[in-house]
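K.L.:
My questions will all concern the structure given below.
The values are calculated or read from the model by the stated rules, or taken from the named source; none is laboratory data. Bear in mind that the values here come from a model prediction, so they are computed numbers and not experimental data. No Cβ is skipped: glycine too gets one built from the backbone with ideal geometry, and neighbour counts run over all protein chains shown. With ligands, DNA and RNA removed, areas are computed over all heavy atoms of the protein, side chains included. Shrake-Rupley method; radii C 1.70, N 1.55, O 1.52, S 1.80 Å.
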Amino acid sequence: MEKLVIEGGTPLSGTVAVNGAKNAAVAILPATVLINGKCRIDNLPNISDIKLCCEILKDLGAEINFISDEEIEIDCTNINKTEVPFEITRKFRASYYFIGSLLSRFKQAKVGSPGGCNFGSRPIDQHIKGFELLGATVESEGGVITADTEGLIGNRVYFDIVSVGATINVMLAATLAEGTTVIENAAKEPHVVDLANFLNTMGADIRGAGTDIIKITGVPELTGGSTYSIVPDQIEAGTYMIAAAASRGNVTITNCITKHLDSISAKLIEMGISVVENDDGDEITVSCTERPTKASIKTMPYPGFPTDMQPQAGVLFSISDGTSYITEGVFDSRFQYTDELNKLGANIKVNGKTAVFEGVPSLTGCPVTACDLRAGAALIIAGIAAQGTTEVYGIEYVDRGYQHIEEKFNKLGAKIKRVIVD
Ligand code: UD1
């Protein structure tokens, strides 16, 4: 086990480049199962969820070659299995994308229930509804989801709620189905669009991704043969933006798509923080000299304020001037991190789906434990902003989604050491 030891109180300054998006990569790797041939994927983040996706692909019979740290060649021609065991699927959420891709190409899938961060109940009823509407029989028993079909046939799939996972999974299933599938009330996140772009590059016919209606015309096979570069990570960029503001620093974030950051930029500007985008829309500079003022957010599907930025925003609200509010609009339970921030001297009260942040002038370091990926990122930001020493435990969660996080922060002037804990 490892922990990060952070000497806080230094404003961050300099430039940091964003890696490829975790949530796009963990959809695109399972999507390679659909390709009867080779493909190359570039701008791949070097994070533990990607290692798990590769383990699953290898176990299924795919050949994988790393061309560099960030570029991979995958050949799924000879996949000879359609089962993914629970020992590995329980370790991350996106493992359920193998249901959609295996079902689409091989007409069957047996995949252990997905794991991932604990934000309360995370049902997959909309995924299952979508598979069934395309003609699959799906059973969920004893922690295993089994899906079979004699051949998927396109259909209209209307989702009762906006779900990233269900949109992606049904898109995967529909790619090789016969006829046309229309997904209505689809999620519009950048990673949904990125998956559609990847599949189209490999020979699929998907239109409308990024709107709430996606039309997928099934094709007999994907032959691959191309290289695809993964979209920059919106949440990683947003995390560095908030870290810059919380530390009263001045940081330029490069290799990002500023359009994807609009909801975060707007909130920071509302709080009196300077946010400047370059003309090309791929760099953003955040600087903060005064104590930010209070604000409120309600998390929503894209283009609303992302739930995956909620804990990081919570750190900023904790040290802003006045009373701020966060309403969690996506998950049942995503405020566990507030207990840890309160240990650092924040004053946060949670009432159901709303948290009230009475801003304090500063935080003071102490040992804290991450309960999930973004909570871990938030505690690191809190440690950087706090006076004194903060120890962050539960770093394995952070390694699931952030590449070299302490190295990147240290280049910006933070003082963070990774230490092995007995
Ligand atoms: C994905 C992201 C996660 C992000 C979330 C919301 C990945 C791998 N993970 O998670 O980082 O926090 O989107 O942006 O991309 N729901 C149902 N039934 C379903 C599916 C979802 O009720 O069948 C509910 C969920 O419980 C939740 C809401 O819908 O309340 C949104 O969930 P969803 O968008 O599906 O999130 P994930 O795909 O799990």
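K.L.:
Hey, what angle do you get for helix 22-31 against the long axis of the chain, alpha-carbon based, 0 to 90 degrees rounded to 10?
P.N.:
For helix 22-31, the angle is close to 10 degrees.
K.L.:
Write down the accessible area per residue of the stretch 45-153 in Å², having rolled a 1.4 Å probe over the full set of protein chains.
P.N.:
Here the per-residue accessible area is 44 Å².
K.L.:
Where a Cα-Cα gap under 17 Å defines reach, which aspartates and glutamates qualify for residue 415, not counting those fewer than 8 residues away within the same chain?
P.N.:
Result set, ordered by chain and number: 2, 7, 391, 406, 407.
K.L.:
Can you bin the stretch 283-422 into rounded, prolate or oblate? Criterion: square roots of the alpha carbon gyration tensor eigenvalues sorted a ≥ b ≥ c, rounded for a/c under 1.5, prolate for a/b above b/c, oblate for the rest.
P.N.:
rounded
K.L.:
To continue, here is another question. Residue 247's amide H: which non-local residues (gap 5+, or another chain) put their own amide H closer than 5 Å, with H modeled 1.01 Å from N in plane and none for Pro or chain starts?
P.N.:
12
K.L.:
Convert each backbone phi in the stretch 37-42 into a coupling constant with the Karplus relation 6.51 cos²θ - 1.76 cosθ + 1.60 (shift: θ = phi - 60°), then list the ³J(HN,Hα) values in order as whole Hz, x for Gly and Pro.
P.N.:
x, 9, 8, 10, 10, 10
K.L.:
Hey, quick one: spin label on residue 415, modelled 7 Å out along Cα-Cβ, who in the stretch 9-53 has an amide N within reach, i.e. under 19 Å?
P.N.:
Residues 9-14 qualify, since their backbone N sits under 19 Å from the label point.
K.L.:
For the stretch 264-272, in order, what is each residue's ³J(HN,Hα) by Karplus, 6.51 cos²θ - 1.76 cosθ + 1.60 with θ = phi - 60°, in whole Hz (x at glycine and Pro)?
P.N.:
Per residue, the Karplus-derived 3J(HN,Hα) values read 6, 4, 4, 5, 5, 4, 4, 8, x Hz.
K.L.:
Moving to a separate point now. With labels modelled as points extended 7 Å from the Cα through the Cβ direction, what inter-label distance (nm, one decimal) is found for residue 10 paired with residue 407?
P.N.:
Once both label points are built, they end up 1.7 nm from each other.
K.L.:
Over the chain, what percent of the accessible surface lies on carbon and sulfur atoms, probe 1.4 Å?
P.N.:
In the chain, the share of accessible area belonging to carbon and sulfur is 47 percent.
K.L.:
Count of lysine pairs in the stretch 22-229 with Cα atoms under 17 Å apart, counting only pairs 8 or more residues apart in sequence or on different chains?
P.N.:
Close lysine pairs found across the stretch 22-229: 14.
K.L.:
OK, next. If each DSSP helix of 4+ residues adds -39,500 (n - 2.57) and the sum is divided by the residues in the chain, what number results at 222 nm, nearest 500 deg cm²/dmol?
P.N.:
-9000 deg cm²/dmol
K.L.:
Once fully extended, how much extra length lies between residue 184 and residue 349, figured as 0.36 nm per residue of separation less the alpha-carbon to alpha-carbon distance?
P.N.:
Extending this stretch completely gives an extra 55.7 nm.
K.L.:
Pull out a ≥ b ≥ c, the square roots of the eigenvalues of the alpha-carbon gyration tensor of the stretch 22-229, then state rounded if a/c is under 1.5, prolate if not and a/b is larger than b/c, and oblate in the remaining case.
P.N.:
Judged from the Cα gyration tensor, the stretch 22-229 comes out rounded (a/c under 1.5).
K.L.:
Could you go through the stretch 148-160 in sequence order and give the Karplus-derived ³J(HN,Hα) for each residue, using 6.51 cos²θ - 1.76 cosθ + 1.60 with θ = phi - 60°, rounded to whole Hz, and x for Gly and Pro?
P.N.:
Going residue by residue, I get 9, 7, 8, x, 6, 10, x, 7, 8, 10, 9, 7, 6 Hz, with x marking Gly and Pro.
K.L.:
Give the angle, between 0 and 90 degrees and rounded to the nearest 10, that separates the Cα long axis of helix 373-385 from the longest principal axis of the Cα atoms of the chain.
P.N.:
Relative to the chain, helix 373-385 is tipped by roughly 20 degrees.
K.L.:
Let me ask something else about it. Quick one: length gained pulling residue 80 to residue 276 fully straight, 0.36 nm per residue minus the C-alpha distance?
P.N.:
Using 0.36 nm per residue and subtracting the Cα-Cα distance, I get 65.5 nm.
K.L.:
Further question on the same structure: Could you tell me the calculated FRET efficiency between residue 65 and residue 161, based on Cβ-Cβ distance and R0 = 45 angstrom, to the nearest 0.05?
P.N.:
0.70
K.L.:
To continue, here is another question. Of 300, 241, 1, which has the most accessible area and how do the rest follow, probe 1.4 Å?
P.N.:
Correct descending sequence by accessible area is 1, 300, 241.
K.L.:
Keeping all protein chains in place, calculate the accessible area per residue for the stretch 196-267 (probe 1.4 angstrom), answer in Å².
P.N.:
So the stretch 196-267 comes to 34 Å² accessible per residue, rounded to a whole number.
K.L.:
Any idea what the relative contact order of the chain is, in percent, if you count C-alpha pairs under 8 Å spaced at least 6 apart?
P.N.:
With pairs under 8 Å counted, the relative contact order is 21 percent.
K.L.:
Oh, and also: Could you tell me which trypsin sites (Lys or Arg not before Pro) in the stretch 241-286 are loop residues by DSSP with no more than 15 other beta carbons within 10 angstrom of their beta carbon?
P.N.:
none
K.L.:
Per residue and in cubic angstrom, what volume does the convex hull of the Cα atoms of the chain have?
P.N.:
Hull volume over Cα atoms, normalised by residue count, gives 126 Å³.
K.L.:
Continuing with the same structure: Quick check: the angle from helix 48-60's long axis to the longest principal axis of the chain, C-alpha only, nearest 10 degrees?
P.N.:
For 48-60 against the chain, the angle is about 10 degrees.
K.L.:
Here's a follow-up. Tell me which residues come under 5 Å, amide H to amide H, from residue 305 once H is placed; ignore anything under 5 positions away on its chain.
P.N.:
Those lying under 5 Å, H to H, from residue 305 are 300.
K.L.:
What full-extension length gain, to one decimal in nm, is calculated for residue 396 and residue 42 as 0.36 nm per residue of separation minus the Cα-Cα distance?
P.N.:
Answer, rounded to one decimal: 125.0 nm.
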